[in-house]
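The values are calculated or read from the model by the stated rules, or taken from the named source; none is laboratory data. Quick caveat: nothing in here was measured; it's all calculated off a predicted structure. FYI the Cβ positions are ideal-geometry reconstructions off the backbone, even for glycines, and counts take in every protein chain you see. Just the protein is used for accessible areas: all its heavy atoms, side chains included, with ligands, DNA and RNA removed. Shrake-Rupley method; radii C 1.70, N 1.55, O 1.52, S 1.80 Å.
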Amino acid sequence: MNWGFLGFGRIARKFLESLNAVDGEVAYAFASRSNAEALQEEFPNVKVYDTYEALLADPQVDIVYISTTHNFHCQNAIDALQAGKHVLCEKPMGISSDEISRMTQVAKQSGKFLMEAMWMRFLPAYRKAIEVVKSGEIGEVKYMTASFGFRSEDKLTQDGRLLNPDLAGGALYDVGVYPLTIVSDLFGWEPRDFKAHAIKSSTGVDETIQIQFDFGNDRMAQVLGSIALHTNKEACIYGEKGFVRMPMFWKGESYEIVKGDETQVFELPMTSTGYAHEIIEVRDCILQGKTESDLFTLNDSLMSARLVERILSTIFN
Ligand SMILES: NC(=O)c1ccc[n+]([C@@H]2O[C@H](COP(=O)([O-])OP(=O)(O)OC[C@H]3O[C@@H](n4cnc5c(N)ncnc54)[C@H](OP(=O)(O)O)[C@@H]3O)[C@@H](O)[C@H]2O)c1
């Protein structure tokens, strides 16, 4: 398929590397509102547009990869679907459940494929670790923790997207959605109860956010997301017979099973920069005529957005 990129910033470069590693998939066109001229010089074999509308009007583009800031995802995706393109949209796909519902409705009307780029769910190490836990290897799961925090000085400026409320900045949207997704894989998207606390930035977004969940039946989870603190960046899933540790779980290439004093390490490397796995899923779904993936469904996107909404409403209301 011919891929068109809407927005071309940091993640687009990494995604491009993975796209180039998947047979048959072609980086055909980029659209950047801020950097088209320099991109055309850097990528002479790619069509570069300086508006998103021009890329969407190109009939050679089969599928659009959206990596603009969170606040633009919904409108970008709707425009792309209405232009007859399939869509893979960066996380979080929308910043409210209403946005996800609208995007889903347009996708259904267009008959085109739509998926949130929750690439973690497609990684071999992540999938195997969850499968092992679900097989009962560590007994019944009672508790889990997942922490994703980093501090990047250049992104923490007043102009940067991470702290800017107009660009839907904040830790939960940016990194917190990964821990929420791993929690959902074990306990679902609907906690019986939760308590969230946040450290807010001077711009009024959540810089660090911690949430304790009660999923009923003696199942609990604790997650942390931060754009201001480096944390241990691991997930641990605790069962009655031991625990599974997933270092760098959202981009993991290994997991460990710990029972008593014994630790077994399993390595499952990712292909290229890791996005190849979600790209292969998208390609296979489209080849099979599917309009969504079974591995990260549009309902997953909706439920994730609802949970984010519920959490943020307790912090900001
Ligand atoms: N899957 C992952 O591993 C991963 C990792 C990082 C980020 N992401 C997601 O990818 C998306 C982009 O992240 P990024 O780190 O690549 O962001 P970025 O480099 O800061 O910006 C991406 C693009 O967004 C547009 N943009 C940025 N700031 C803007 C502003 N002030 N006003 C209008 N447009 C602006 C620009 O589009 P133009 O090129 O058109 O100017 C820019 O190229 C986010 O949704 C993020 O959550 C995913």
- Message: Can you report the principal axis dimensions of the chain using only the alpha carbons, biggest first, rounded to whole angstrom?
- Response: 57, 44, 37
- Query: Per-residue HN-Hα couplings for the stretch 67-81, Karplus 6.51 cos²θ - 1.76 cosθ + 1.60 at θ = phi - 60°, whole Hz, x for Gly and Pro?
  - Reply: 9, 7, 6, 3, 5, 8, 3, 4, 5, 4, 5, 4, 4, 5, 5
- R0 = 22 Å: FRET efficiency of GLN82 with SER34, Cβ-based, nearest 0.05? 0.40
- Query: What fraction of the DSSP beta bridges in the chain is antiparallel, stated in percent and rounded to the nearest 5?
  - Reply: 55 percent
- Shape category assigned to the stretch 124-269 from the gyration tensor of Cα positions, a/c cut at 1.5: prolate
- Mind checking the stretch 1-67 for trypsin sites (Lys or Arg not before Pro) that DSSP puts in a loop (not H, G, I, E or B) and that have at most 14 other Cβ atoms within 10 Å? ARG33
- Query: Could you give the length gained on full extension between GLU309 and SER101, defined as 0.36 nm per residue of separation minus the Cα-Cα distance, in nm?
  - Reply: 73.5 nm
- Average accessible area per residue (Å²) across the chain - probe 1.4 Å, nucleic acids and ligands excluded: 43 Å²
- Item | Span from the the stretch 121-196 Cα centroid across to the the stretch 241-290 one, whole angstrom | 14 Å
- So what is the calculated 222 nm ellipticity per residue for the chain, using -39500 (n - 2.57) for each DSSP H run with n of 4 or more, over all residues, to the nearest 500 deg cm²/dmol? -9500 deg cm²/dmol
- Note on the structure: The ³J(HN,Hα) series, computed from each phi in the stretch 41-48 with the Karplus coefficients 6.51, -1.76 and 1.60 at θ = phi - 60°, rounded to the nearest Hz and given as x for glycine or proline, is 5, 6, 10, x, 8, 10, 6, 10
- Sort the following peptides by mean Cβ neighbour count (other Cβ atoms within 10 Å, averaged over residues), highest first: 61-67, 96-102. 61-67, 96-102
